[in-house]
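Colleague: Have a look at the structure that comes next, please.
The values are calculated or read from the model by the stated rules, or taken from the named source; none is laboratory data. From a predicted model like this one, the values you see are computed outputs, not experimental measurements. Positions of Cβ are generated from backbone atoms using ideal geometry, with glycine treated the same way; all protein chains shown enter the neighbour counts.
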Amino acid sequence: MNRIRIIIKISGIRCAGCLNSIERVLTKYDIEKFEYDFYSSIGSIWYQGNIEDEFKYLNAIQKSGYEVLKIASYNEKTED
C-alpha cells in the first residue's frame, strides 16, 4: 500500500473554526493525518491509496469554500 502526502496552500482560513470545518470534511474520506500552519497557510494531508486520489481531497476543500493550490505530492512506499 502507498502512503501519499499532499502539500497544499489553502486561502481563506481565518480562524480555528475554519480549520475545524476542513478537518471534518477530510475525515469523511479516511485520511490518516492533516496538518496546517496558520503563518504560512501551508497544509499537508496524508492518506493511504493512490496518488490519483488526491483530487477528491482537493475538491472537498474547494467545495467547503476555500481556495486550494497543490504544491507537491509524494508517494511514500509502505510495507504491506
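Colleague: Identify, please: which residue in the range 26-57 is crowded, with 17+ Cβ neighbours inside 10 Å and either touching a His at 6+ places or on another chain (Cβ under 9 Å) or of a type in the set (A, V, I, L, M) (or both) and is, among those, nearest to I10 (Cα to Cα)?
Modeller: Looking at the filtered set, the residue picked out is I45.
Colleague: So how many residues does the range 58-73 have that are in a helix (DSSP H, G or I) and surrounded by 11 or more Cβ atoms within 10 Å (Cβ to Cβ)?
Modeller: Counting residues in the range 58-73 that are in a helix (DSSP H, G or I) and surrounded by 11 or more Cβ atoms within 10 Å (Cβ to Cβ) gives 5.
Colleague: Still on this model: Among the residues of the range 60-80, which ones are farther than 23 Å from A16 by Cβ and free of Cβ contacts under 8 Å to residues at least 60 places away in the same chain?
Modeller: E79
Colleague: Further question: Name the strands (runs of 3 or more DSSP E) wholly within the range 1-52 that hold at least 2 residues that are of a type in the set (D, E, K, R)? Explain how you work it out, then say what you get.
Modeller: Details: elements: 2-11, 33-37, 42-48.
Per the criteria, 2-11, 33-37.
A quick yes/no check of all residues on (1) aliphatic (A, V, I, L, M); (2) at pLDDT 95 or above:
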{"residue": "E23", "(1), (2)": "no, no"}
{"residue": "T27", "(1), (2)": "no, no"}
{"residue": "Q48", "(1), (2)": "no, no"}
{"residue": "L58", "(1), (2)": "yes, yes"}
{"residue": "Q62", "(1), (2)": "no, yes"}
{"residue": "I71", "(1), (2)": "yes, yes"}
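Colleague: Still on this structure: With respect to the numbered conditions (1) closer than 11 Å to I7 by Cβ; (2) more than 10 Å from the chain's Cα centre (by Cα); (3) of a type in the set (D, E, K, R), which one is the sole condition not fulfilled by K77?
Modeller: Here K77 clears every test but (1).
Colleague: So in the range 1-25, with the set limited to residues that are touching a strand residue (DSSP E or B) at 6+ places or on another chain (Cβ under 9 Å) and surrounded by fewer than 11 Cβ atoms within 10 Å (Cβ to Cβ), which one is farthest from I71 (Cα to Cα)?
Modeller: M1
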